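Each remark here refers to the structure printed beneath this line.
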Amino acid sequence: MGIYPQPNAWLCGPFALKHALLALGVFENEWAIARAAGSDPGGTDERELARAARQFDCSLRMIRVHYPEDARQELVHHLEQGKPVLLCIEQWDHWVTAMHHEDNQFVLFDSRGQHVIRVLGWDELRPKWEFKEASGSLLYDLHPVVAHIRMPRPQARFSVGRARWLANPSNAGLARQWSDYGRVLLELGQPSHGDNRDLFARPMTDVLVEQGDTLSDQVMRQVGRGVEADTEQVLLRLHFVAGAYDLSVSREREAELTAVVREFVISRLQVGRAVGS
């Protein structure tokens, strides 16, 4: 339930919705989404994706715009509110997820092809997005995804810098395992911003940095030496995910976070050894 290419030509809709849910801290398998939508080799339309979104306590809106500048502004508006937006591109043939806007660049999650995470300028995105009617008129449909959760929930911000870092082939392991990392942190974290935030909570990234040496020592005592580099890599990935969701942790749960992270690191190392053996 991470970020990786789709296995066939018709699962782009469930993948696009999976990526939107992932940004909202909801981790679901693309096949479960496909079943909820009723997807088949003919693809998935917006009504089916909206039905699937409701099963995962979210809604998928439909907005139609006729002029490119209006479309750009509408898309930027929803992205700046932290809402991932599904777009059906290439003459309504393929679903992608717009995640972020920054300096007229758009971060897209596109499950077709090996490079899922892409950064496109408006001049690149616009011709892919626009639908040309027989009359020559243009349509721009966008589908913001909104979580139906009363309490504030962390939302991932895939800035251009984060997107490019995660798209690097050296970080493909984190991309594929994103849901594993996200779950363990979201269970203990809370949004750093919002009316209901704990004013005494600290950024989770700060706590992870402060506890880094202690965690490394504890892991080595339990697993043995020779795992320093792998331990550092897992901690770096946890730091990246905590930063993407802008998580804080209450002071009462800092010790719990350290314990959970230690066990998570050990489990990752054990999985890596099993795969390598």
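The values are calculated or read from the model by the stated rules, or taken from the named source; none is laboratory data. None of the values given here were measured: they were computed from a predicted structure. A quick note on method: Cβ atoms are made from the backbone with ideal geometry, for glycine too, and the neighbour counts reach across all protein chains shown.
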Please give the helices (runs of 4 or more DSSP H) falling wholly within the range 1-93 in which 1 or more residues are in contact (Cβ under 8 Å) with a residue 60 or more places away in the chain, over 30 Å from G136 (Cα atoms) and under 18 Å from the mean Cα position of the chain (by Cα).
-> 12-23, 46-55
If we ask which residues in the range 107-119 are crowded, with 21+ Cβ neighbours inside 10 Å and either of a type in the set (S, T, Y) or more than 20 Å from G13 (Cβ to Cβ) (or both), their number turns out to be 1
Regarding R237, is this residue in contact (Cβ under 8 Å) with a residue 24 or more places away in the chain, under 30 Å from D70 (Cβ atoms) and among the charged types (D, E, K, R)?
-> no
Tell me which residues, restricted to the range 229-267, are outside any helix (DSSP H, G or I) and either not assigned by TED's automatic domain parsing to the domain that holds V184 or not aliphatic (A, V, I, L, M) (or both).
-> Y245, D246, S248, S250
